[in-house]
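The values are calculated or read from the model by the stated rules, or taken from the named source; none is laboratory data. Quantities reported herein were computed from a predicted structural model and do not represent experimental measurements. Every residue, glycine among them, receives a Cβ derived from its backbone with ideal geometry; neighbour counts consider all protein chains shown.
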Amino acid sequence: MEIHGLCGLNPMPDENDYYITYGFGYAKYKHLSDNISQDLDIFIPREIAGKIQILHLENRQAKRKELKIVYYMKPVLDEDEIKSNGFLKLDYNENSNLITLVNTGKSQTNQILYVSSSEKIKSYTGSKKNFIGKGNISNPEGLNKIELDRQDSIGQEACIAIEIKVTLEALEGKDIVLIFGVEQNMLDCQDRAYQYTNLNYISSLYETEKRYWRELLGRLQVETPLESVNIMLNGWIQYQTICSRLLGRSGYYQSGGAYGFRDQLQDMIGIKYLEPKLLKKQIIKHSKHQFIEGDVEHWWHDETQRGIRTRFSDDLLWLVYLTEEYIKFTGDSKILEEQTYYLSGEVLPNGVDEKYDLYLQSEIKESIYQHCIRAIEKAISFGENGLPKIGTGDWNDGFSTVGNLGKGESVWLGFFLYLILDRFIPICEEKQDLELAKKYKTIMLELKKALNTQGWDGRWYRRAFTDTGEILGSIQNEECRIDSISQSWATISNAGDNDKKYISMESLEKHLIDRENGIIKLLDPPFEKSSLEPGYIKSYLPGTRENGGQYTHAAIWAIIAESMLGFGDKAVEYYRMINPIEHSRTKEEAGKYKVEPYVIAADVYGAGNLVGRGGWTWYTGSSSWFYEAGIRYILGLKIENGFLKLDPCIPSNWESYSIKYKFGESIYNIQVKNPERKMSGISILKLNGEIVENNQIKLEQNRGSLSNRSTAIK
């Protein structure tokens with residue numbers, strides 16, 4: 001699948017059009033100027049830390065042309081360019097046709113950045129000042145020089161600019177490879193430059209990469225009456241999650257490269273359909289970043305082994321949640337026996353909310369089952385209202401001072417903990433850990449009671465209690481009267497009383513759904529001038545990010561709750577409403593939304609003159625949840641213990657839809673028909689024309705491609 005666009009390209013645009021194609025694993029740029037056709041293909045091979053660019057030039061005139069091509073970049077081998085300026089040292093190896101760059105101030109990282117080309121590098125510079133001169137990035141002086149000055153970058157603001165010269169005969173075409181990447185030693189840099197500037201090898205590798213993405217993302221395909229839903233679910237959401245969240249851990253608006261404990265675990269919610277082994281791998285990896293006390297690193301960098309220990313109260317529970325999810329999806333409970341080490345480190349003293357440090361592996365090693373128990377035991381710390389303590393944040397990091405003194409409580413965390421206990425008790429019973437199961441059942445009963453009494457505000461569920469006893473999410477509040485995630489998780493967890501679940505979701509719809517601008521707000525009204533001091537969330541402008549904008553993560557949870565209640569018309573209306581494609585159908589809408597239409601945005605502004613504008617894109621945990629909401633809760637594809645079940649919640653006007661699911665080497669072609677225009681549930685399930693009892697089909701990996709393997713009739 002490809003997304004096509006038309007735009008003007010910096011830094012030196014002309015009046016001719018620029019055509020852009022984004023595909024799975026690559027991007028293409030096309031332009032014609034001065035009778036030279038220019039096609040640029042860019043891709044990143046999975047096998048190296050580098051980017052390859054294939055530039056195809058074609059002379060459209062019947063006369064020879066001499067071209068000078070300058071490839072320019074601003075390198076940063078540190079947190080930002082301010083920290084790296086003055087320390088970057090550039091070298092040129094003429095025999096290898098190779099430019100290399102190292103950060104002399106960060107020698108312990110052993111990172112060498114390299115640049116090379118299939119054409120001979122004629123000249124280069126490492127000095128941004130000398131390259132730009134008295135011009136600017138749109139017209140640098142370096143372009144007008146006979147050759148670049150071969151300056152090193154040490155002691156000054158660095159750049160890498162290389163010059164190559166190309167001769168095109170009349171009507172001739174030519175391909176040029178440009179590569180840059182990072183390696184740990186000079187020999188590997190030289191080897192990469194030699195191998196990856198070979199045109200034949202690169203052409204073959206390019207096709208291999210595209211085939212890889214097509215196969216991976218094609219394992220689950222849908223066809224529904226909504227084109228925008230089909231486009232997002234048939235690859236783009238999973239591509240966003242894999243590239244930005246798992247491989248790069250980076251995005252245009254947030255480029256940190258760290259692993260987030262709760263973040264990269266939740267990214268596996270949707271990935272499990274394509275490759276459940278990745279979920280298992282992530283669980284094991286994250287368990288190694290848990291302390292013996294049960295808490296975890298909020299985030300860490302693998303390269304340095306440094307991370308931050310905090311008082312966030314939900315991080316540790318996502319390990320349990322995803323372990324439960326893995327076992328339920330695959331039926332593989334052997335993961336509980338996997339043994340991993342804990343981290344060692346000083347426990348945060350009173351008054352210290354977080355500490356960034358080098359935390360090393362301890363000598364204590366336990367099973368994933370014990371890791372989960374330690375997480376739960378750490379989390380079951382309740383306040384005077386019978387709700388779990390919120391610490392310095394519970395999913396909403398911005399609630400940093402709600403409970404940092406040790407008394408504040410979280411209503412949402414109560415729902416989350418309830419669901420985790422509900423799923424973990426059968427695991428305890430399977431392990432014959434009956435006393436622990438009994439303990440958790442008692443906690444569940446008390447917790448449900450507290451949630452539906454202390455947590456209930458009359459028309460919706462409250463959000464939190466502060467250290468000083470103030471309430472967030474109460475109708476009595478001037479700001480933050482209602483917060484969506486308490487309402488949605490009352491249903492998702494099944495901890496809300498039956499009548500309260502419906503009442504609270506009605507309140508969410510009334511106060512937080514903004515149909516005019518196509519957003520679902522996280523909370524309302526936003527924090528601004530009231531006496532409430534919940535934390536750094538208040539530093540955001542009203543209507544931005546968590547402070548009253550659409551935080552897409554939470555918006556999707558609201559859609560899941562609507563699906564679980566059986567409201568297919570609402571669920572799909574909201575699902576379509578937050579789909580970025582629906583914000584970009586016209587030039588006016590795209591001008592308002594401003595960000596990419598093919599990836600989920602972490603947030604959308606919810607107030608003021610920026611209402612409806614997309615915020616951070618690519619790097620957001622909501623991408624995986626968007627996939628989960630569509631596949632599992634709306635289209636109803638549920639994989640449990642190796643069985644395929646169907647339990648859709650769709651609009652009453654949908655007559656049919658289909659799913660193609662590849663499980664191992666078997667392909668399941670699922671047709672769902674809805675002649676009675678129902679919104680939820682399955683009346684009859686057929687496999688190859690035969691009615692299936694219990695409405696579930698045993699998944700088999702090696703049955704090959706089977707047409708019409710399963711048919712569901714609503």
Next on the checklist: Condition (residue is buried (at least 22 other Cβ atoms within 10 Å of the Cβ), part of a strand (DSSP E or B), outside the structural domain of Tyr259 (by TED's automatic domain parsing) and of a type in the set (Ser, Thr, Tyr)) applied to the range 621-642: is it met by at least one residue?
Outcome noted: no
Next on the checklist: As an exercise: evaluate Ala450 against (1) closer than 21 Å to Glu324 by Cα; (2) part of a helix (DSSP H, G or I); (3) not hydroxyl-bearing (Ser, Thr, Tyr) and give the number of the one condition it does not meet.
Outcome noted: (1)
Checklist entry - If we scan the range 445-452, do we find a residue that is in the same structural domain as Ser488 (by TED's automatic domain parsing), surrounded by 19 or more Cβ atoms within 10 Å (Cβ to Cβ), within 30 Å of Leu336 (Cβ to Cβ) and not hydrophobic (A, V, I, L, M, F, W, C)? => result yes
Next on the checklist: Could you list, ordered by first residue, the pairs with Cβ atoms under 9 Å in which the first is in the range 39-54 and closer than 13 Å to Lys210 by Cβ and the second is part of a strand (DSSP E or B) and among the polar types (S, T, N, Q), at least 6 apart or interchain?
Outcome noted: Asp41/Gln53; Ile42/Gln53; Phe43/Gln53
Item to check | the range 334-356 residues that are within 15 Å of Ala375 (Cα to Cα) and of a type in the set (Phe, Trp, Tyr), paired with ones that are crowded, with 16+ Cβ neighbours inside 10 Å and at pLDDT below 95 (beta carbon under 7 Å, 6 or more apart) | outcome: none
Checklist outcome for this item: Considering the range 654-692, residues that are within 19 Å of Gly568 (Cα to Cα) and of a type in the set (Lys, Arg), and then whichever is surrounded by the fewest Cβ atoms within 10 Å (Cβ to Cβ), we arrive at Arg677
Checklist entry - Quick one: in the range 217-254, which of the residues that are among the aliphatic types (A, V, I, L, M) and surrounded by fewer than 19 Cβ atoms within 10 Å (Cβ to Cβ) is nearest to Trp625 (Cα to Cα)? => result Leu246
Item to check | Unique match (being within 27 Å of Ile269 (Cα to Cα) and assigned by TED's automatic domain parsing to the domain that holds Arg423) among Glu533, Glu573, Glu516, Glu528 | outcome: Glu573
Next on the checklist: Suppose we filter Asp394, Asp353 for residues that are in contact with an Asp or Glu (Cβ under 8 Å, 6 or more places away or on another chain) and either of a type in the set (Asp, Glu) or assigned by TED's automatic domain parsing to the domain that holds Asp483 (or both); which single one remains?
Outcome noted: Asp394
Checklist entry - Of Ile112, Ile146, which residue is over 27 Å from Met12 (Cβ atoms) and in the same structural domain as Glu183 (by TED's automatic domain parsing)? => result Ile112
Checklist outcome for this item: Of the conditions (1) surrounded by 23 or more Cβ atoms within 10 Å (Cβ to Cβ); (2) closer than 30 Å to Ser117 by Cα, the single one that His298 does not satisfy is (2)
Checklist entry - Which condition number in (1) touching a residue at least 60 places away in the same chain (Cβ under 8 Å); (2) acidic (Asp, Glu); (3) not in a loop (DSSP other than H, G, I, E, B) is the one that Asp467 fails? => result (3)
Checklist entry - In the range 167-207, what residues are assigned to a helix (DSSP H, G or I), farther than 30 Å from Leu274 by Cβ and of a type in the set (D, E, K, R)? => result Asp188, Asp191
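To keep it simple, each residue is scored yes or no on (1) more than 27 Å from His511 (Cβ to Cβ); (2) of a type in the set (D, E, K, R); (3) at pLDDT below 95.
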position: Asn609; (1), (2), (3): no, no, yes
position: Glu628; (1), (2), (3): no, yes, no
position: Lys638; (1), (2), (3): yes, yes, no
position: Ser658; (1), (2), (3): yes, no, no
position: Glu665; (1), (2), (3): yes, yes, yes
Checklist entry - Has the range 629-642 got at least one residue that is in contact (Cβ under 8 Å) with a residue 40 or more places away in the chain and among the basic types (Lys, Arg)? => result no
Next on the checklist: Test of understanding: among Ile283, Ile271, which residue is β-branched (Val, Ile, Thr), out of contact with any Asp or Glu (no Cβ under 9 Å at 6 or more places or on another chain) and surrounded by 16 or more Cβ atoms within 10 Å (Cβ to Cβ)?
Outcome noted: Ile271
Item to check | Residues of the range 178-198 classified as farther than 16 Å from Glu47 by Cβ and surrounded by 13 or more Cβ atoms within 10 Å (Cβ to Cβ), total | outcome: 3
Checklist entry - Among the listed residues Leu216, Leu205, Leu148, which satisfies the condition of being hydrophobic (A, V, I, L, M, F, W, C) and farther than 30 Å from Tyr661 by Cα? => result Leu148
Next on the checklist: Given the criterion small (Gly, Ala, Ser) and surrounded by fewer than 20 Cβ atoms within 10 Å (Cβ to Cβ), identify the matching residue among Ser531, Ser504.
Outcome noted: Ser531
Checklist entry - Looking at (1) of a type in the set (Val, Ile, Thr); (2) in contact with a Gly (Cβ under 9 Å, 6 or more places away or on another chain); (3) closer than 17 Å to Ile492 by Cα, which is the only condition Ile650 fails? => result (3)
Checklist entry - In the range 568-579, which residues are under 27 Å from Leu472 (Cβ atoms) and surrounded by fewer than 23 Cβ atoms within 10 Å (Cβ to Cβ)? => result Lys570, Met577
Checklist entry - Which ones in the range 40-73 are among the charged types (D, E, K, R) and part of a strand (DSSP E or B)? => result Asp41, Lys51, Glu58, Lys65, Glu66, Lys68
Checklist entry - Of all residues in the range 216-251, which are of a type outside the set (S, T, N, Q) and in contact with a Lys or Arg (Cβ under 9 Å, 6 or more places away or on another chain)? => result Gly218, Arg219, Leu220, Val222, Glu223, Leu226, Val229, Gly235, Leu247, Gly251
Checklist entry - Where in the range 74-134 are the strands (runs of 3 or more DSSP E), entirely inside, with at least 3 residues that are touching a strand residue (DSSP E or B) at 6+ places or on another chain (Cβ under 7 Å) and surrounded by fewer than 16 Cβ atoms within 10 Å (Cβ to Cβ)? => result none
Checklist entry - Does any residue of the range 27-49 turn out to be modelled with pLDDT of 90 or more, touching a Cys at 6+ places or on another chain (Cβ under 9 Å), under 27 Å from Glu141 (Cβ atoms) and hydroxyl-bearing (Ser, Thr, Tyr)? => result no
Checklist entry - Can you spot a residue in the range 162-173 that is hydroxyl-bearing (Ser, Thr, Tyr) and under 30 Å from Thr241 (Cβ atoms)? => result no
Next on the checklist: Within the range 488-495, does at least one residue satisfy the condition of being surrounded by fewer than 20 Cβ atoms within 10 Å (Cβ to Cβ) and in contact with a strand residue (DSSP E or B) (Cβ under 8 Å, 6 or more places away or on another chain)?
Outcome noted: no
Next on the checklist: Considering only residues that are buried (at least 20 other Cβ atoms within 10 Å of the Cβ) and not in a loop (DSSP other than H, G, I, E, B), which ones fall in the range 594-620?
Outcome noted: Ala601, Asp603, Val604, Gly614, Thr617
